[in-house]
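Notes for the one structure printed next.
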Amino acid sequence: MIQIDQLNYAYGHKQVLKNIHLEFPENQFSVILGRNGCGKSTLFKLMAGLEPVKDGLIRYSGKPLSDFKGKDRAALLGFLPQFHKTVFPFLVKDVVITGRAAFSRYHPSKSDWEHVDQALLDLDIEHLRDRPYTELSGGERQLVMIARILVQAPKVILLDEPTNHLDVYYQSYLMKKLRQLSRQNFTVIAIMHDPNLAFLFADHLFFMRQHEVVKPESQTRITDPKFLKSVYDVEFHEAMIQDKTIVIPDHSWL
């Protein structure tokens, strides 16, 4: 269980997180939704330990995040940021092996390379092993970066907008893989913008608005157009397709 209690954060005088209380279940796929600038990415930086927690508490399995150092933190957390760029033509296997850096003192061991091969196999991208990373498509690159996380064998995977810049095929493929990983003893938490992808694949949904967590009146009514309007400032309509509820923005206000 990941618990966040009374978390506040500010950049100078600008408050970007206000009294955040959240609990993410273990071995489930959770998604955080909300408009740009509502504090989602800042929350992730704090959860990943990239920014110090000064006001509030983040606990993993009852222990404060600050208790995890070095190798222990690498074994706890894997983080895929919103932006990542590799300009050198490293082979895919060489990009993925860097995820083992916290566990290898000098050179990658046989065990490290076995972790690489298993991660590529788990994501069905073993055929990319010896391809230059810079020659891959956006969807393939995103899967390689997730493989880089998997070789850490972390308990928790944090992904900041993992479906950005992906076509429809890779969006669906990636979401399916993330859900599968949550069934393999990973706790997967993602920030997303598309509510419909989240509705279709996630186990738990959390919403943020104006730097705070907001909740629908009932978890069974997360697609309620009135609630979604309060989150996105856009009118929505509900629709049923193959027994699944989706929401469609009303563009009449444009």
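The values are calculated or read from the model by the stated rules, or taken from the named source; none is laboratory data. Being a predicted model, the structure only gives us computed values, none of them experimental. Neighbour counts are summed over all protein chains in view; Cβ atoms, including those assigned to glycine, are modelled from backbone coordinates with ideal geometry.
Test R100 against the stated conditions and say whether it is basic (K, R), within 30 Å of S61 (Cα to Cα), surrounded by 13 or more Cβ atoms within 10 Å (Cβ to Cβ) and in contact with an Asp or Glu (Cβ under 6 Å, 6 or more places away or on another chain). Let's see the steps before the verdict.
On the way: basic (K, R): yes; within 30 Å of S61 (Cα to Cα): yes; surrounded by 13 or more Cβ atoms within 10 Å (Cβ to Cβ): yes; in contact with an Asp or Glu (Cβ under 6 Å, 6 or more places away or on another chain): yes.
It is true that R100 is basic (K, R), within 30 Å of S61 (Cα to Cα), surrounded by 13 or more Cβ atoms within 10 Å (Cβ to Cβ) and in contact with an Asp or Glu (Cβ under 6 Å, 6 or more places away or on another chain).
Which one is farthest from S30 (Cα to Cα), of the residues in segment 127-178 that are part of a loop (DSSP other than H, G, I, E, B) and among the hydrophobic types (A, V, I, L, M, F, W, C)? Before you say what the answer is, go through the steps one by one.
Start the filter on segment 127-178 by keeping residues that are part of a loop (DSSP other than H, G, I, E, B), which leaves 129-131, 136-137, 151-155, 161-167.
When the remaining residues are screened for being among the hydrophobic types (A, V, I, L, M, F, W, C), the result is 136, 151, 153, 166.
Details: L136: 28, V151: 21, A153: 19, L166: 20 Å.
Among those residues, the one meeting the criterion is L136.
Would you point out the residue of segment 75-97, among those that are aromatic (F, W, Y) and at pLDDT below 85, that is farthest from D112 (Cα to Cα)?
First, the residues of segment 75-97 that are aromatic (F, W, Y): 79, 83, 88, 90.
Now restrict to residues that are at pLDDT below 85: 83, 88.
On the way: F83: 26, F88: 22 Å.
Out of the qualifying residues, it is F83.
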Q. Of the residues that sit in segment 203-254 and are within 22 Å of the chain's Cα centre (by Cα), among the hydrophobic types (A, V, I, L, M, F, W, C) and not in a strand (DSSP E or B), which one is modelled with the lowest pLDDT?
A. I222
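Results for (1) touching a strand residue (DSSP E or B) at 6+ places or on another chain (Cβ under 7 Å); (2) under 30 Å from G99 (Cα atoms); (3) of a type in the set (S, T, N, Q), shown as yes or no for each residue.
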site: I157; (1), (2), (3): yes, yes, no
site: D167; (1), (2), (3): no, yes, no
site: S182; (1), (2), (3): yes, yes, yes
site: V188; (1), (2), (3): yes, yes, no
site: R209; (1), (2), (3): yes, no, no
site: E212; (1), (2), (3): yes, no, no
site: E217; (1), (2), (3): no, no, no
site: D243; (1), (2), (3): no, no, no
site: V247; (1), (2), (3): yes, no, no
Q.
Is it the case, given these coordinates, that F207 is surrounded by 11 or more Cβ atoms within 10 Å (Cβ to Cβ), in contact with a Gly (Cβ under 7 Å, 6 or more places away or on another chain) and of a type in the set (F, W, Y)?
A. yes
Q) When the residues of segment 43-74 are filtered to those that are crowded, with 16+ Cβ neighbours inside 10 Å, within 17 Å of the chain's Cα centre (by Cα) and of a type in the set (A, V, I, L, M, F, W, C), which remaining residue is modelled with the lowest pLDDT? A) A74
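Per-residue answers, yes or no, for (1) of a type in the set (D, E, K, R); (2) within 24 Å of P195 (Cα to Cα); (3) touching a residue at least 24 places away in the same chain (Cβ under 8 Å); (4) buried (at least 19 other Cβ atoms within 10 Å of the Cβ):
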residue: L121; (1), (2), (3), (4): no, no, no, no
residue: G139; (1), (2), (3), (4): no, yes, yes, no
residue: V144; (1), (2), (3), (4): no, no, yes, yes
residue: R148; (1), (2), (3), (4): yes, no, yes, yes
residue: P154; (1), (2), (3), (4): no, no, yes, yes
residue: L159; (1), (2), (3), (4): no, yes, yes, yes
residue: Y173; (1), (2), (3), (4): no, yes, yes, no
Q: Can you run down the residue pairs with Cβ atoms below 6 Å, 6 or more apart or on separate chains, where the first is in segment 194-217 and under 14 Å from L178 (Cα atoms) and the partner is surrounded by fewer than 20 Cβ atoms within 10 Å (Cβ to Cβ) and of a type in the set (A, V, I, L, M, F, W, C)?
A: A198/L205
Q. So V156 fits all but one of (1) farther than 21 Å from D203 by Cα; (2) of a type in the set (V, I, T); (3) touching a Leu at 6+ places or on another chain (Cβ under 6 Å); what number is the exception?
A. (1)
Q: Output the residues belonging to segment 3-45 that are closer than 13 Å to H211 by Cβ and either basic (K, R) or not in a strand (DSSP E or B) (or both).
A: K14, K18, R35, N36, G37, C38, G39, K40, S41, T42, L43
